[in-house]
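The values are calculated or read from the model by the stated rules, or taken from the named source; none is laboratory data. Predicted model, so just to flag it, every value in this text is computed and none were measured. Cβ coordinates were reconstructed from backbone atoms using ideal geometry, including for glycine residues, and neighbour counts include every protein chain displayed.
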Amino acid sequence: MLLEDFAALIGLVLALVGIGIAVVTGDGIWDGAGSVAIGLLLGVVAVVLAIETKSLLLGEGAGPEEVLVAAKIAVHHDDTAAEIAKGIDAAELKIRSLFPVAKLIYLEPAIDEPPRKVHA
């Protein structure tokens, strides 16, 4: 974001200089030169942004150090609160054993919702 804003300000300065020199000298070539300079600036910004986002464009992960897990746990309407809490605790322990990087785990009971297959 900072790079784009900085490039926009530089572009405005280039346009002002190009048009200003064209008005003072009466030679329109300076207006065109300012436009070419702005085009080159935009090209440089595009190359820098492409290099900076190359890994994301190629599908590489961002390398998170923490993972958030949010899930619904299917429960029956006649289960007690203690049974539901016990099931949620067991699910949390299983998630933590399979995925130690999971630091934040939010599990929500879903009454009478059929269980779905989990893809890891």
Open item on the list: Filter segment 1-54 down to the residues that are of a type outside the set (A, V, I, L, M), touching a helix residue (DSSP H, G or I) at 6+ places or on another chain (Cβ under 6 Å) and assigned to a helix (DSSP H, G or I) and list them by number.
Closed with: Gly11, Gly18, Trp30, Asp31, Gly34
TODO: Report yes if Ala46 is out of contact with any Phe, Trp or Tyr (no Cβ under 9 Å at 6 or more places or on another chain) and at pLDDT 95 or above, otherwise no.
DONE: no
Open item on the list: I'd like to verify a number: residues in segment 72-88 that are of a type in the set (A, V, I, L, M) and more than 11 Å from Glu108 (Cβ to Cβ), how many?
Closed with: 3
TODO: Could you tell me whether any residue of segment 87-95 is in contact (Cβ under 8 Å) with a residue 24 or more places away in the chain and out of contact with any helix residue (DSSP H, G or I) (no Cβ under 7 Å at 6 or more places or on another chain)?
DONE: yes
Open item on the list: So for segment 13-28 (the condition being modelled with pLDDT under 95, surrounded by 12 or more Cβ atoms within 10 Å (Cβ to Cβ) and under 30 Å from Ile111 (Cα atoms)), does at least one residue qualify?
Closed with: no
